[in-house]
Amino acid sequence: MDGFQARLRAQLTHSLQFRLSFYLAATSLIAALVAGIVSFSAAMAEAHELQDSMLKQIAVLAAMTPGQNVGRVYTDLSTPDADEETRVSVQWLHHSGQPTTSSPSASNLPIPTGMGDGLHTLTVDGEDYRVVIRSTTDGSRVVVAQEAGMRNGIARGSALRTIAPMLLLAPLLVLMVTIMVRRLLSPVTQLSKEVNARSEQALHPVEAKNVPVELRPFLAAINGLLARVKQSMDMQRRFLADAAHELRSPLAALSLQTERLAQAEMSATAQDRLITVRAGIERGRHLLEQLLSLARAQTDAPGQATSSVSVSSLVRLVIEDFISQAEAKGIDLGMTDSDEAVIDTNEMALMTAVKNLVNNAIRYSPKGSQVDVGVHLNAERVCIAVSDHGPGIPAAERARVFEPFYRILGTEESGSGLGLSIVKENAVRLGAEVILTCTDPAHDRGLTVTLSLPCRPLSSQTHVLSL
Ligand SMILES: Nc1ncnc2c1ncn2[C@@H]1O[C@H](COP(=O)(O)OP(=O)(O)OP(=O)(O)O)[C@@H](O)[C@H]1O
Ligand SMILES: [Mg+2]
């Protein structure tokens, strides 16, 4: 019960929809209840009035024949099989006011002598009677009586029949209020769903279509905020790209100087140190290239600069680029049996992503192992899978490796930690998904990275042989 109350309180505090439904339904129910009570009382009063006027009419009729009926009781109130609604007692009283039957029976109501003409409620043996007394022309009196309990029962029945439709409609009213409120607030639900489904890059304004006018100022404020966030992110990206670009020239000059210095006469120690300096410069140059690549991927709008691209040809070009790097490590780099897929996509972004994946596969694979790249096509997607037999990436690290500068400790390879971030950013631009799996799950070895791209299959899609 406490839990229910707490839940109700929480819903009333936090949910506008619940609050609106609750208060509207409660107001409608209270209104229905008040209307019901008023109608019930009015119907009861009306039924009583009708019954009283019927008793009066009977008294009028009975008073027309005073002479022959004096001393008679017309209907026995206690007759059980008489129709309840017509069970009425008519008795004629002497001038003295005493009943005139020769032998008094249970049907004779003892009418107090002082009781005047008109309508009265009389209690006899704990039972209430509605009584009409009327004097006749010869001075005797007619008493018409009816059980009050039965009268009330009839009146209550007719009053209940009056408010029954109202009682039946009350739950329907609550249901309709709930449905109406839900429908009224559906644009808000729709809006939150749309904003929720967006990626962090989708900072375009939320459309005001179908949004009620009351919510438009709020929407305008959200769109203003989105525009400011986008502006600030664009500035940060531009700064990153400009900084990387500006650092390129001094680093190139430094690299040139070290090359010249290497040709000069110097001691073995100086040569050793020069090698370290040149390695550092090389790392710095690689970092700048990766930073520029990331900045490019982040600033290009999704779907920009698309052209018809043969995915298998692109993969073959990347493999050719990396053949010498693979050979240096004794790695067998090649393409598995693949499908020929031609899709409309951003060639530059796709090439950059595949290059980073192949580069990782070679760098993190042990010497003498194998790296395979395959292209597979199905009805809706083209998948490029890069598989290696290196240490793989533990499941717990798979989300984090896409963060910029995140590197897994314990590898001998040096790197900037930007490769997979570049892959992810480009994948967003290509509308692709990046999936990390284990190449050899039985031995928990190797990593397979699959780039799954949407495609519009062309009629010329064919199967090509591996390299
Ligand atoms: N094929 C792979 N096998 C095992 N580990 C991998 C593989 N690819 C990436 N990783 C792990 O993920 C981390 C992040 O990779 P990412 O490509 O982003 O950066 P990086 O290779 O260190 O640097 P960069 O690619 O910018 O030179 C790497 O440090 C590495 O530990
Ligand atoms: Mg990398």
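All of the numbers you see were taken from the coordinates with simple rules; none came from a lab. These figures come from a predicted structure and were not determined experimentally. Methodologically, a virtual Cβ is constructed for each residue, glycine included, from the backbone with ideal geometry; neighbour enumeration extends over all protein chains shown.
Odds and ends about this structure:
- Extension gain from S28 to Q201, taking 0.36 nm per residue of separation minus the Cα-Cα distance: 57.6 nm
- Selection from F4, T276, L436 lying farthest towards where the dipole of the chain points positive, charges on Cβ: T276
- Charge dipole (the chain, unit charges on Cβ, about Cα centre) - positive-most of L169, V375, G157: L169
- Fewest-first ordering of L357, L33 by other beta carbons within 10 Å of each residue's beta carbon gives L33, L357.
- Residues F22, F405, sorted so that the one with the fewest Cβ neighbours within 10 Å comes first: F405, F22
- Distance between modelled label sites at T306 and M115, nm, 7 Å Cα→Cβ extension: 9.8
- Between 0 and 90°, nearest 10: helix 311-328 axis offset from the chain longest Cα axis: 50
- If you plug the beta carbon distance of A45 and S15 into 1/(1 + (r/R0)^6) with R0 = 35 Å, you get a FRET efficiency near 0.20.
- Residues with amide H under 5 Å from that of L447, placed H, sequence gap 5 or more: D388, H389, G390, G392, T439
- Part-to-part distance (alpha-carbon centres) for segment 263-282 and segment 175-244, which is given in Å: 56
- Taking every DSSP helix (H) stretch of at least 4 residues in the chain, weighting each as -39,500 (n - 2.57) and dividing the sum by the residue count yields a mean residue ellipticity at 222 nm of -18000 deg cm²/dmol.
- Rounded to the nearest 10 degrees, the angle from helix 2-14 to the longest Cα principal axis of the chain is 70 degrees.
- The relative contact order of segment 296-439, computed from alpha carbon pairs under 8 Å that lie at least 6 residues apart in sequence, is 28 percent.
- Across the chain, the relative contact order, built from alpha-carbon pairs under 8 Å that are at least six residues apart, equals 11 percent.
- Taking 0.36 nm per residue of separation and subtracting the current Cα-Cα distance, fully stretching the chain between D128 and A268 would add 37.5 nm.
- Dipole axis of the chain (+1 Lys, Arg; -1 Asp, Glu on Cβ), positive-most option in P404, V342, A145: P404
- In the chain the Cα-Cα distances spread across 20 Å bins starting at 0 as 16, 26, 17, 11, 11, 13, 5, 1 percent of all pairs.
- In this structure, the amide hydrogen of L333, modeled 1.01 Å from its nitrogen in the peptide plane, lies closer than 5 angstrom to those of V371, counting only residues at least 5 positions away or on a different chain.
- Exposure proxy shown here: for F322, F218, the number of other Cβ atoms within 10 Å sets the order, fewest to most, as F218, F322.
- Rounded to the nearest 0.05, the FRET efficiency derived from the C-beta distance between A164 and R216 at R0 = 41 Å is 0.35.
- Karplus-based coupling profile of segment 30-38, in residue order and whole Hz: 5, 4, 5, 5, 5, 4, x, 4, 4, with θ = phi - 60° in 6.51 cos²θ - 1.76 cosθ + 1.60 and x standing for Gly or Pro.
- Note on T336/I435: beta-carbon distance plugged into 1/(1 + (r/R0)^6) with R0 of 22 Å gives a FRET efficiency of 0.80.
- For segment 312-400, a crude dipole built from +1 on the beta carbon of Lys and Arg and -1 on the beta carbon of Asp and Glu, taken about the Cα centre, is about 480 debye to the nearest 20.
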